[in-house]
Structures are given as structure tokens and as C-alpha cells.
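See structure below.
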Amino acid sequence: MPTLLHEATGRLFISDNTFRLYDPDVMQHPQDDGDFDATATGLAALTPSGPLIVCGTHLGQVEVTAQLWDGAPSLSTESWQDIAELTTPWSGHGLEIWGEGEPEIPLPLPGPGTYRLRVHARHRDAGEDRDEGAPVETVLLQLWPAQAAHGPPVLHKADSTTGALWREE
């Protein structure tokens, strides 16, 4: 049974429908990677600077929880609109989750290696510019050491219109 090793939660202010997972041991600041391809999952893309998470919110707050596990946690799809997984190489001993501006959510890692990242999202279709009463987009990131060096992206659940737009359906 996998064990949760660390959890961090916070709200990010994002713009341009995205936020990043960034390796501070490799770069001083996340880079603008220009074009990225989120069509495989409608939720996440790998870029030279690290994983990029795509959102329904264009400009505003997103609630993010990041978890480090020692193995693949059980998959629960009930309360999420979209869930996807991808494999990412990691060079350092931690990651930072960046919205617009400074890093906001740190997550320590056991060290360099290959990790599997599962991204869950809900409240993606409430609109790009949210009214005060609209639900805040919520993202759960689960990370664990990968058993294989490479694995294709996997889409576990795809119920949002936003995800379909990013997948170009």
C-alpha cells in the first residue's frame, strides 16, 4: 500500500490558463517555453522547463494540492472531471509550483529521477474569467517515483468541455 510522504496546498494566481511545476535545482526561473502540446490529455504537457498544467481559468485563482507518494496511489475518479498521467524526468531534490510571479507551493522530492505525475481537475468549465460566486478551479497533483523510464500519457477521465478544447476535440 503506497504511503503519502508529503503534501502541500495553496492558491495560485494564474494567467494564460496555465501554471508550472518547476525544478529550482536546474533553473533560476521558469522559462516561457512558447508553444506546448496538451492535446494528449487536455490537462498537462511536458516542456523543457518541466510539466505545464492547463486550466479553464484564464486569469484568477486556482486551488492546488501537491502530494508526494512512495508509489502509485489508488485512483479515485468520483469527484474529478478530468484525470491524466504522464512521466517526467526530474533533476533536483524538490519542485516548486509557479503561477504568475513567485513560487507559491514547494514540494520536496527524494532526489533526481523519473517520476509519474497524475493530475486531477474539477470546476474547469466555470468560465475563463470567474465571477466571485463561481467555484474555484481545483487541481490535485500526485507524484511518485516511476518504475519505467518512459511511459505514454494516460487519460483516466475526460468529462470537461475545457479538456476537450485542449485536446482539440
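Each value in this text was obtained by applying a stated rule to the coordinates, not by laboratory testing. All of these numbers come straight from a predicted model, not from anything done at the bench. Note that we place each Cβ from the backbone using ideal geometry, even for glycine, and neighbour counts take in every protein chain shown.
Things to note:
- Structure-derived volume of the Cα convex hull per residue in Å³: which label, when the choices are [x] 147; [y] 129; [z] 105: [z]
- Within a Gaussian network of the chain (alpha carbon springs, distance under 10 Å), most fluctuating of T41, T77, T18: T77
- Other residues whose C-beta falls under 15 angstrom from the C-beta of C55 contribute a net charge of -3, scoring Lys and Arg +1 and Asp and Glu -1.
- Look at where the Cα atoms of segment 45-63 and of segment 85-125 average out, and the two centres are 11 Å apart.
- Theoretical ellipticity at 222 nm over the chain - DSSP helices of four or more residues, -39500 (n - 2.57) apiece, nearest 500: -1000 deg cm²/dmol
- The Cβ shell under 13 Å around Q67 holds other residues with a net charge of 0, Lys and Arg each +1, Asp and Glu each -1.
- Gain on full stretching of the segment that runs from S79 to H156 - 0.36 nm per residue minus C-alpha separation: 26.4 nm
- The local environment of T39, defined by Cβ-Cβ distances under 12 Å, has a net charge of -3 under the rule Lys, Arg +1 and Asp, Glu -1.
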